[in-house]
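The values are calculated or read from the model by the stated rules, or taken from the named source; none is laboratory data. Just so it is clear, the structure is predicted and the values come from calculations on it, not from any experiment. Don't worry about glycine lacking a Cβ; one is built from the backbone with ideal geometry, like all the others, and counts go over all protein chains shown.
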Amino acid sequence: MSDQVRIVEVGPRDGLQNEKTPVTAEARIAFIENLIKAGLHTIEVGSFVSPKAIPQMVNSDQVLRAVNHHPDREFHVLVPNEKGYDGAKTAGAKVIAVFASASEGFSKANINCTVAESIERFVPVMERAKADGIKVRGYVSCVLGCPYDGEVKPSAVVAVTKKLWDLGCYEVSLGDTIGVGTPSKARQLLRAVAAEVPMQNLAMHFHDTYGQALANLYAGLEEGARVIDSAAGGLGGCPYAPGATGNVATEDVVYMLEGMGIATGVDMKQLVAATNGIAKLLGKSPVSRVASALNAKARN
């Protein structure tokens with residue numbers, strides 16, 4: 001496992017959009033700049049959705065424009081429809097993300113349509129992005145369980161992932177939205193999906209609700225997956241998944257990978273500083289075990 005693992009930092013979007021305390025565009029820009037200083041190369045910075053639906057992501061165009069001066073970094077923004085695409089393109093997006101669910105119940109609760117309808121909605125976005133030379137990343141929610149439908153069959157995940165891949169997503173991120181997965185299930189899922197979509201084009205996006213995220217990531221690494229989505233400080237959750245905690249913490253992922261001899265290029269001290277800064281604004285402590293341990297050590 002000595003080869004490279006790519007970390008996609010999702011804290012500034014997937015993390016903050018699920019925090020109750022709104023963070024200004026200026027503070028989000030500062031957070032992203034601190035993550036860049038820590039050595040993170042791929043960062044999800046905003047979402048071009050209705051401010052009524054997700055007020056936490058208001059002024060994402062301002063955020064993207066402010067950080068786009070880093071030519072050696074890759075910034076992602078979530079785009080739900082053509083209106084969102086227009087805003088993202090105007091703001092200078094080079095990579096956008098679209099999303100679908102592996103579960104009908106979650107799709108209906110989240111975006112009020114079936115899985116098939118959700119995919120149809122962003123087909124024009126995919127076509128325009130291709131014509132404009134903008135890369136598209138896909139997200140699949142509820143790959144290891146759903147708060148409404150319960151168990152999700154791997155075949156359902158395979159079908160949605162394959163559809164996104166066929167439509168032109170360069171990479172598809174598999175999300176355990178409510179964090180119910182276990183290592184054996186994560187392994188089986190990745191095997192099933194990799195039979196249809198190359199493993200090198202799959203990412204693992206695991207939440208830590210039941211404390212299984214790192215174990216699930218390790219199982220995925222053993223299967224050959226090499227892209228991990230994580231959020232600084234374990235930010236986030238899911239408004240449509242009751243009880244779901246945040247994403248696996250970037251600090252915890254970096255600590256595990258570095259301990260396995262896999263270089264991440266991330267400066268832990270700078271990363272914890274970025275996490276502490278945003279946690280203070282949110283009025284909470286980081287849920288990252290590593291950040292907590294290092295903060296306690298620094299106090300003594």
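Residues that are assigned to a strand (DSSP E or B) and of a type in the set (A, V, I, L, M, F, W, C) were ranked within region 152-203; the one that is farthest from Leu221 (Cα to Cα) is Val172. Close Cβ contacts (under 7 Å, 6 or more residues apart or on different chains) running from residues in region 182-201 that are among the small types (Gly, Ala, Ser) to residues that are surrounded by 15 or more Cβ atoms within 10 Å (Cβ to Cβ) comprise Ala186/Leu144; Ala186/Asn216; Ala186/Ala219; Ala186/Gly220; Ala192/Pro154; Ala192/Val158; Ala194/Leu202. Out of all the residues in region 205-220, is one or more surrounded by 24 or more Cβ atoms within 10 Å (Cβ to Cβ), closer than 15 Å to Arg137 by Cβ and under 17 Å from the mean Cα position of the chain (by Cα)? Scanning region 205-220 turns up at least one residue that is surrounded by 24 or more Cβ atoms within 10 Å (Cβ to Cβ), closer than 15 Å to Arg137 by Cβ and under 17 Å from the mean Cα position of the chain (by Cα). Scanning region 1-56 for residues that are surrounded by 15 or more Cβ atoms within 10 Å (Cβ to Cβ), in a loop (DSSP other than H, G, I, E, B) and in contact (Cβ under 8 Å) with a residue 60 or more places away in the chain yields a count of 8.
Please indicate, with yes or no, whether at least one residue in region 217-227 is among the charged types (D, E, K, R) and part of a strand (DSSP E or B). Before the answer, list the steps.
The initial filter retains those residues of region 217-227 that are among the charged types (D, E, K, R), namely 222-223, 226.
Right, trim to part of a strand (DSSP E or B) and you get none.
For region 217-227, residues among the charged types (D, E, K, R) and part of a strand (DSSP E or B): absent.
Step by step: first the residues of region 138-151, then only those that are part of a loop (DSSP other than H, G, I, E, B) and surrounded by fewer than 24 Cβ atoms within 10 Å (Cβ to Cβ), then the one that is nearest to the chain's Cα centre (by Cα). Which residue is that? Show your work before the answer.
Residues of region 138-151 part of a loop (DSSP other than H, G, I, E, B): 142-145, 147-149, 151.
If we keep only those that are surrounded by fewer than 24 Cβ atoms within 10 Å (Cβ to Cβ) too, we end up with 145, 147-149, 151.
Values: Gly145: 17, Pro147: 19, Tyr148: 21, Asp149: 22, Glu151: 22 Å.
Only one residue tops the list, namely Gly145.
Tell me, please, whether a residue that is within 18 Å of Ala291 (Cα to Cα), modelled with pLDDT of 95 or more and in a loop (DSSP other than H, G, I, E, B) can be found in region 242-250.
As a first pass, look at region 242-250 and keep what is within 18 Å of Ala291 (Cα to Cα): 245-250.
Going one step further and asking which of them are modelled with pLDDT of 95 or more, we end up with 248-250.
Filter again for in a loop (DSSP other than H, G, I, E, B), leaving 248.
Within region 242-250, one or more residues are within 18 Å of Ala291 (Cα to Cα), modelled with pLDDT of 95 or more and in a loop (DSSP other than H, G, I, E, B).
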